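The values are calculated or read from the model by the stated rules, or taken from the named source; none is laboratory data. Just so you know, these numbers come straight off a predicted model, no measurement behind them. With ideal geometry, Cβ positions are generated from the backbone for all residues, glycine too; neighbour counts draw on all protein chains shown.
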Amino acid sequence: MKKTFQHLLLLSVFLFLNQILISCSSGDSLKSPEIILEIPNGGFSVVIDQTITISPEFTFSEEATCKWSIDNKSYSTARQLVFTPEKVGKYACTVQVITPDGEASKSFDIVVTTPYSPYITKVFEYVYGVGQHASLIPADSKASDFIGKPWENNKSFTYLGGWGGYIVAGFDHAVRNREGTDLCIYVQPGSASEPGVIFVMQDSNNDGQPNDRWYEIKGSEYSHPETIRHYQVTYNKPLNGGNVTWSDNQGNSGELKPNFQSESWWWSGYRTSNAITFTGVKLPNAYYDNSTTPGTENWVVKSGLFQTGYAECYNNSDYNSTIKANLVDISNAVDDNGTAVALTSIHFIKVQSAVFQIAGWLNEISTEISGASDLHLLDKDIY
């Protein structure tokens, strides 16, 4: 009886040790997963708004969990990456596969490009508004500095002049209306805001010309009691070296008196015309003199005005100091009744000098800008 018990005990120990050996042997055969993916030199490439699909192979991936991240943000848990980029630039991607036996990861870049220019490619119309810089601008000026990358190759900015002066320009593609801001208007650059109203237009008839309907970008002063739509001013050519006189459609008239010695404010680009009329939006006066010392002037922008939606405005909520531009959301476009319009994209912009004011030694308030760009086609890491 005693021997039988000993035999049973030895058998039990043998079976237990054998099971351990089998388990260890099985464990040795388990392997961590592997990711098989051929990555091109420099990473994968794709054109903006086109879809790229990346399909790695996974070994020993039973019960595997996949995780994709782009620029350190979780993106997908599918076994393949399907990515449609909406901005140009380099995206850092990582795929990770996790199993009960281990994990593996692989990283690479996706470079997103565009066949188009992010910047203005053509100026269709430019008319300088009456102002102090008239003598600096050739009569046949096409405002070519507004085209292309701002300030490149010593390019200057574009003077729009006093109230009413404007520029109409276009892109070589449709600027899409996406979530957030879509385009920008580059400032002089400087520090003193001289607001211009921004208009956008679709190429609805697909003829490549700005001959469809303009929509105003609704800025912060759209409903201000001093803002006037369909405002109209006629400027009269000065006689015998005098000053420019004007009259508006509100029953007002006056004379533009320079506050320091300057050349004639009448632009030679008006040719033989004895008068020129502008129509547009008149914004509230932008400046006031806060000087407390007699005989001095200190003109400053009124606090709280022009916070969003205008060109050449500094220190407001839509000014980006990195790229020196005011950011514009196409979704803020409205029709003549102030009703929001659902524009899928735009091809053309118009910027018009919008403050009719002589601010002491500053002379006329005149919008000065350096170009425009499609923000989606700028490198995503720029701003």
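Taking strands (runs of 3 or more DSSP E) as the structural unit, those lying wholly within the range 157-245 and holding at least 1 residues that are touching a Lys or Arg at 6+ places or on another chain (Cβ under 7 Å) correspond to 166-176, 183-186, 196-201, 228-236. Look at (1) free of Cβ contacts under 8 Å to residues at least 60 places away in the same chain; (2) of a type in the set (V, I, T); (3) not in a loop (DSSP other than H, G, I, E, B) and you find that V281 fails only one, number (1). In the condition set (1) surrounded by 12 or more Cβ atoms within 10 Å (Cβ to Cβ); (2) touching a residue at least 40 places away in the same chain (Cβ under 8 Å), T245 is compliant with all but (2).
If the condition is being under 25 Å from the mean Cα position of the chain (by Cα) and of a type in the set (A, V, I, L, M), then the range 295-311 contributes V301, L305, A311. Tell me whether the range 267-276 contains one or more residues that are closer than 17 Å to G360 by Cα and not in a loop (DSSP other than H, G, I, E, B). No, there is no match, as no residue in the range 267-276 is closer than 17 Å to G360 by Cα and not in a loop (DSSP other than H, G, I, E, B).
Among the residues of the range 58-76, those that are modelled with pLDDT of 95 or more and either of a type in the set (S, T, Y) or loosely packed, with under 13 Cβ neighbours inside 10 Å (or both) comprise S69, N72, K73, S74, Y75, S76.
Yes or no, residue by residue, for (1) farther than 30 Å from I349 by Cβ; (2) free of Cβ contacts under 8 Å to residues at least 40 places away in the same chain:
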| site | (1), (2) |
| --- | --- |
| S69 | yes, yes |
| N72 | yes, yes |
| Y75 | yes, yes |
| E103 | yes, no |
| S117 | no, no |
| I120 | no, no |
| F124 | no, no |
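Does P150 satisfy being exposed (fewer than 13 other Cβ atoms within 10 Å of the Cβ), touching a residue at least 24 places away in the same chain (Cβ under 8 Å) and either more than 24 Å from L327 (Cα to Cα) or not polar (S, T, N, Q) (or both)? Taking the combined requirement at face value, the residue does not satisfy it. From the list Y235, Y270, the lone residue that is surrounded by 14 or more Cβ atoms within 10 Å (Cβ to Cβ) and either under 34 Å from the mean Cα position of the chain (by Cα) or of a type in the set (V, I, T) (or both) is Y270.
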